[in-house]
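Engineer: Below you will find the structure I want to go over with you.
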Amino acid sequence: MPTTFETFFAKHLEQRLRQRRLLVVHDPEERYREIVDGLADEVTTVLDGSGGLLEAREAALEKFAELGEDTSCKTRLVIYLPHAKTLEDSDRCSDPFAMLVVAGACFPDGDGDDYRQLCLKYLPEQAGKIEEMFSTGEPPGTGVINSLRSGAAESPVLRNLLKAEGPKDILVKFLSAGPATVKKLQETPHWVTDLKELVQKTLGLKIGGGRDSVETCQAQLWRHLLFSEFASDLPVALPASLASVPQAGKSHLPFVRSLCATLRDLGSAQTYYEEAANRVAEKELDLEAQCRGIEDFGSLDTFSFEERGFLRQFAAELSAGNLEEAREIVAGRQGSFWVERDPVRTAEWQVADLAARLLMELQALEPQMAAKRSLDGWIDFYTGHFSTLDTLHRSMEQVVAEISPTAAVLDGVLALAREAHRAACDRLARLMQDEAAKNGWPCPARARAVDICDRWVEPRWKAGERVAYFWIDALRYELAQTLETALGGQHTTRLETACASLPSVTTIGMASLLPSASTLLEVAVKDGKLAAVMSGRVVDGPGARLDVLAAHFGSTRTRLVSLEDLAAGRLPEDIGMVELLAVNTVDIDSLGENNPLYFTAMLPGILRKIQTAVSRLAEAGFTRAVITTDHGFAWMPTTSPGNAVNKPPGEWLMTKERALLGEGSDDSQSLVLDASAAGIRSSQLPHLAVPRGMATYIAGKTYFHGGLSPQECILPVLDVQLKTRAANLGGARAEVSLTYRGASQATVTSLMVMLELGYPIAELFGPASVTLLLQGLDKSGNVVAEAGTSQNVDPATREIHLERGKAIKVPIRLKEGFEGPFRVVALDPVTGTTHATVNLTTDFHR
């Protein structure tokens with residue numbers, strides 16, 4: 001504890017000053033003038049605005065400009081103003097210092113900066129006396145507050161043995177004493193008297209009885225503190241069975257809460273807090289069983305079981321349609337000790353948040369779904385609004401796949417969110433299909449898939465650019481939106497749309513991406529299979545598509561490479577001569593077809609490969625990338641009997657899960673279009689049938705495409721002007737920290753662990769944030785762990801955006817089956833630079 005209130009307050013201002021380098025202090029009572037003056041030193045300038053405001057403002061602006069010119073970022077500026085802070089926007093317009101308040105930090109900033117609250121933070125153990133002093137009217141001076149501080153003569157043995165200062169520090173260190181400290185205490189029994197006097201004075205607790213061992217006293221103290229906080233936060237009466245358990249009186253509760261909060265926040269004490277809370281709740285008081293039937297435990301979760309109660313409250317509010325209330329519960333768990341200690345609980349709350357957000361977005365879009373729109377209008381509606389819902393749904397399912405099985409209380413939440421999303425997708429598909437039935441497909445106001453090569457690729461190549469042409473099978477539009485955001489940090493990007501060729505299957509869709517496809521592509525049946533035919537030749541795979549490219553652009557100028565090889569750095573040997581590089585992958589579609597339950601969890605890895613490949617091509621001298629796809633996909637994690645429909649009447653030569661080709665007519669469950677009205681050139685197949693909405697012709701499908709819906713048929717065309725890494729660097733290496741429970745080397749006992757990541761740079765004019773990737777590498781350099789989904793991790797790319805001056809917690813998930821030592825590195829996703837490392841080893845048998 002600081003020696004005086006003045007020292008405490010100076011440190012309070014110092015902390016704020018370190019974050020922004022500029023601090024404006026408003027002090028209408030002129031209570032803090034001398035303390036602020038004392039902040040001045042060789043790097044800190046203090047300007048007093050007591051005189052003329054305009055003169056003081058000009059001096060402040062001059063010093064502010066000097067801050068920006070200081071490349072060392074060491075100099076700081078404090079502006080002291082003996083008048084109140086302006087609160088109303090209208091008043092700020094006339095405040096000469098308003099701009100500086102916005103640019104830097106300020107005091108006071110919130111209720112926590114009230115003088116009374118500061119006094120309580122300084123001496124929480126004297127909360128009763130402080131409250132009494134403030135209740136008399138005139139606030140006590142800082143000298144009176146200092147007189148309440150415990151003297152140096154108090155608890156001399158404990159102070160010396162624990163190397164502690166002040167009651168709070170003594171109790172924190174006593175409760176979190178390690179084996180060496182416990183041994184030291186046991187060898188000096190005189191500490192017992194000190195502890196009894198201190199606890200009686202600050203907590204009103206008579207400790208001891210019987211053999212006064214360190215462990216016995218710690219257990220009594222932990223039980224008293226934890227139960228007191230729990231009981232004081234409980235909004236209902238304690239169960240009769242707990243009414244006789246001792247707890248702190250009202251005057252001691254501020255100190256109890258302050259002490260418990262410190263024990264939860266302090267890294268060196270957190271493990272002791274966790275062990276003690278579990279022991280008190282489970283072994284000593286059996287609290288969960290005693291409190292059965294109580295759902296509202298207040299705002300704090302002192303014990304682990306309370307956090308589960310908050311999750312049940314959330315589920316109940318969501319099920320009742322109280323979405324705002326549900327989101328408030330989620331927000332209240334931010335920073336929860338039990339959530340931050342457990343990556344699985346972190347992920348479960350992420351699921352809860354995404355489900356609530358999904359339902360809220362659906363509710364907000366409901367009026368727009370009732371509007372009348374053209375086909376072009378529904379495409380705009382999907383790309384501008386509804387695609388966000390698909391991203392939320394996919395992100396939610398991604399987290400579910402990572403932690404499966406989820407807590408049972410979330411089953412109803414997931415069922416509600418999934419069904420709402422499925423119903424909205426079905427409704428939107430029907431609306432779009434109705435317009436297509438009237439005017440045909442593709443939309444005449446939009447580019448077509450068969451135009452992509454001729455419109456985006458060939459003109460760039462003819463202009464002398466080296467072009468990479470990405471064929472990403474099943475790159476749904478909303479995935480491309482995520483990819484655009486990720487690539488936009490290094491390159492110049494533009495995302496546009498095109499209408500897929502029907503049926504929206506790989507065979508037809510990939511052929512549509514070839515040059516002159518608008519005039520040459522035909523759909524046929526060859527050897528009993530659906531075939532794409534160009535100039536009389538079946539184009540049925542990457543090799544055949546490369547032949548078409550080579551014939552059009554020149555065989556010496558054109559090459560094909562897999563995304564896997566390109567991301568791994570395995571480029572063609574003659575890459576320097578290549579002018580048009582086709583990049584092919586079927587990973588998304590293959591995972592969806594073969595592993596539909598878990599493919600969402602694997603999508604971030606595929607998007608990361610695309611990012612890496614694009615960066616490698618920029619370094620190899622390519623100036624343009626065109627990233628597109630053959631079709632999108634629809635994915636529903638559960639099916640129901642109504643998801644599958646019967647074929648409409650007719651003779652259907654080809655049957656796909658979402659399309660029929662041949663001859664037939666409409667019925668109530670299917671839309672049948674003439675081939676020409678569906679944009680299909682075919683002499684064999686006069687009609688195309690697609691299920692209405694999101695149904696399928698084959699039962700049991702959760703991942704599907706081939707039909708006519710926004711998710712399947714609105715294709716992304718991501719046009720990327722490439723820039724090299726060197727053109728995007730320019731800043732100094734970010735100094736970040738990476739630890740596990742405060743240590744840079746440790747043992748972990750589960751597949752998911754929580755790491756601490758910090759970016760302590762406090763540059764006023766430096767980068768506001770840093771983007772990082774976390775990867776766990778074994779001794780051979782193989783990736784054995786990645787960041788799990790959390791509020792701090794981008795669910796699509798696994799990137800972490802960390803603001804300066806902030807510290808966050810990020811879960812890391814180890815691959816199943818891995819055991820042994822590994823290191824987790826924090827990497828720059830563009831340069832691959834390592835910013836921080838933590839060394840870990842597994843011990844799953846503890």
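Engineer: Where the accessible area of the range 30-86 is counted over protein heavy atoms with a 1.4 Å probe, how much of it, in %, is carbon and sulfur?
Structural biologist: The nonpolar share, carbon plus sulfur, comes to 50 percent.
Engineer: At a 1.4 Å probe radius, carbon and sulfur cover how many percent of the accessible area of the range 358-412?
Structural biologist: Carbon and sulfur atoms account for 53 percent of the accessible area of the range 358-412.
Engineer: Moving to a separate point now. In debye, nearest 20, what is the charge dipole magnitude of the range 589-726 about its Cα centre with +1 on Lys and Arg Cβ and -1 on Asp and Glu Cβ, if you could check?
Structural biologist: 700 debye
Engineer: Can you pull out the trypsin sites (Lys or Arg not before Pro) in the range 245-308 whose DSSP state is coil and whose Cβ has at most 12 other Cβ atoms within 10 Å?
Structural biologist: Here the trypsin sites (Lys or Arg not before Pro) that fit, given the DSSP loop and packing criteria, are 292.
Engineer: With each pseudo-label sitting 7 Å past Cα toward Cβ, what's the residue 331-residue 33 distance in nm, one decimal?
Structural biologist: Label at residue 331, label at residue 33, 4.1 nm between them.
Engineer: Kindly identify the range 381-492 as rounded, prolate or oblate by the Cα gyration tensor criterion: order the square roots of the eigenvalues as a ≥ b ≥ c, call it rounded if a/c is under 1.5, otherwise compare a/b with b/c, prolate if a/b is larger, else oblate.
Structural biologist: Oblate, since a/c reaches 1.5 and b/c is not below a/b.
Engineer: Stretch residue 769-residue 370 to full length: gain in nm at 0.36 nm per residue minus the Cα-Cα span?
Structural biologist: Contour length minus the Cα-Cα distance gives 139.5 nm.
Engineer: Could you please report the charge total around residue 268, scoring K, R as +1 and D, E as -1 over all other residues with beta-carbon less than 14 angstrom from its beta-carbon?
Structural biologist: -1
Engineer: If the chain between residue 423 and residue 206 were fully stretched, how many nm would it gain, using 0.36 nm times the residue separation less the Cα-Cα distance?
Structural biologist: 71.9 nm is the gain from fully extending residue 423 to residue 206.
Engineer: Within the range 810-829, name every residue whose backbone N is under 17 Å away from a label modeled 7 Å from Cα of residue 839 along the Cβ vector.
Structural biologist: Hits in the range 810-829 for residue 839 at 17 Å: 820-826.
Engineer: Let me ask something additional. Over the heavy atoms of residue 147, what accessible area does a 1.4 Å probe trace out, to the nearest 10 Å²?
Structural biologist: Accessible surface of residue 147 is approximately 80 Å².
Engineer: By a straight-distance test (C-alpha under 16 Å), which lysines pair with residue 183 as possible cross-link partners, with residues fewer than eight away in the same chain excluded?
Structural biologist: Within the straight-line cut-off, residue 183 pairs with 163, 173.
Engineer: Next question. Roughly how many nanometres apart are two label points built 7 Å out from the Cα toward the Cβ at residue 430 and residue 408?
Structural biologist: 3.6 nm
Engineer: I want the local charge near residue 387. Using Cβ-Cβ distances under 10 Å, sum +1 for each Lys or Arg and -1 for each Asp or Glu among the other residues.
Structural biologist: Summing Lys and Arg as +1 and Asp and Glu as -1 gives -1.
Engineer: Here's another thing I want to ask about it. Using alpha-carbon positions, what is the distance between the centroids of the range 175-252 and the range 480-548, in Å?
Structural biologist: Centre-to-centre (Cα) distance: 71 Å.
Engineer: About the Cα centre of the range 376-515, how large is the charge dipole given +1 on each Lys and Arg Cβ and -1 on each Asp and Glu Cβ? Please answer in debye to the nearest 20.
Structural biologist: 280 debye
Engineer: Taking R0 as 51 Å, what's the FRET efficiency between residue 181 and residue 74 from their Cβ-Cβ distance, rounded to 0.05?
Structural biologist: E between residue 181 and residue 74, to the nearest 0.05, is 0.85.
Engineer: What distance in nm separates the simple spin-label points at residue 154 and residue 570, each placed 7 Å from Cα in the Cβ direction?
Structural biologist: The answer from the label model is 7.1 nm.
Engineer: Leaving out ligands, DNA and RNA, what percent of the accessible area of the range 544-610 is carbon and sulfur, probe 1.4 Å?
Structural biologist: Carbon with sulfur: 52 percent of the solvent-accessible area.
Engineer: Using packing as a proxy for protection, rank 358-369, 498-509, 606-617 so that the peptide with the highest average count of other Cβ atoms within 10 Å comes first.
Structural biologist: Sorting 358-369, 498-509, 606-617 by mean packing, highest first, produces 498-509, 606-617, 358-369.
Engineer: Return the Cα extents of the range 546-689 along principal axes one, two and three, sorted largest first, each rounded to a whole Å.
Structural biologist: Each principal axis gives a Cα extent; for the range 546-689 these are 56, 38, 20 Å.
Engineer: Give the accessible surface of the chain per residue, rounded to a whole number of Å², with probe radius 1.4 Å and ligands, DNA and RNA excluded.
Structural biologist: Value returned for the chain: 42 Å² of accessible area per residue.
Engineer: Can you classify the range 285-363 as rounded, prolate or oblate using the Cα gyration tensor, where a ≥ b ≥ c are the square roots of its eigenvalues, rounded means a/c under 1.5, and otherwise it's prolate if a/b beats b/c and oblate if not?
Structural biologist: In terms of gyration-tensor shape, oblate.
Engineer: Now, a different point. Work out the length of the dipole vector of the chain about its Cα centre, built from +1 on the beta-carbon of each Lys and Arg and -1 on the beta-carbon of each Asp and Glu, and round it to the nearest 20 debye.
Structural biologist: The calculation lands at about 1500 debye.
Engineer: What FRET efficiency would be calculated for the residue pair residue 278, residue 190, taking the C-beta separation as r and a Förster radius of 45 Å, to the nearest 0.05?
Structural biologist: 0.90
Engineer: Local charge sum around residue 110 (other residues, Cβ-Cβ under 13 Å, Lys/Arg +1, Asp/Glu -1)?
Structural biologist: After counting each charged neighbour, the total is -1.
Engineer: Over all Cα pairs of the chain, how is the pair count split among 10 Å bins, expressed in % and running from 0 up to the last occupied bin?
Structural biologist: Reading upward from the zero bin: 2, 11, 17, 20, 19, 14, 9, 6, 3, 0, 0.
Engineer: If you don't mind, another one. Could you compute the FRET efficiency for residue 535 and residue 803, with r as their C-beta to C-beta distance and R0 at 51 Å, rounded to 0.05?
Structural biologist: The pair residue 535/residue 803 has a calculated efficiency of 0.35.
Engineer: Between residue 360 and residue 61, what is 0.36 nm times their sequence separation minus the Cα-Cα distance? Round to one decimal in nm.
Structural biologist: Contour length minus the Cα-Cα distance gives 103.1 nm.
Engineer: Still on this structure: Along the Cα-to-C-beta direction of residue 818, a point sits 7 Å from the Cα; which residues of the range 577-608 have their amide N less than 17 Å from that point?
Structural biologist: So the set is 601-606, 608.
Engineer: Another question about this same structure. Could you tell me how many degrees, from 0 to 90 and to the nearest 10, lie between the Cα long axis of helix 253-265 and the main elongation axis, the longest principal axis, of the Cα atoms of the chain?
Structural biologist: 50 degrees
Engineer: May I pose another question? By the gyration tensor of its Cα atoms, with a ≥ b ≥ c the square roots of the eigenvalues, what is the shape of the range 446-529: rounded for a/c under 1.5, prolate for a/b over b/c, or oblate?
Structural biologist: Cα axes put the range 446-529 in the oblate bin.
The values are calculated or read from the model by the stated rules, or taken from the named source; none is laboratory data. Just so you know, these numbers come straight off a predicted model, no measurement behind them. No Cβ is skipped: glycine too gets one built from the backbone with ideal geometry, and neighbour counts run over all protein chains shown. Just so you know, the surface numbers come from the protein's heavy atoms only, side chains and all, with ligands and any DNA or RNA stripped out. Shrake-Rupley method; radii C 1.70, N 1.55, O 1.52, S 1.80 Å.
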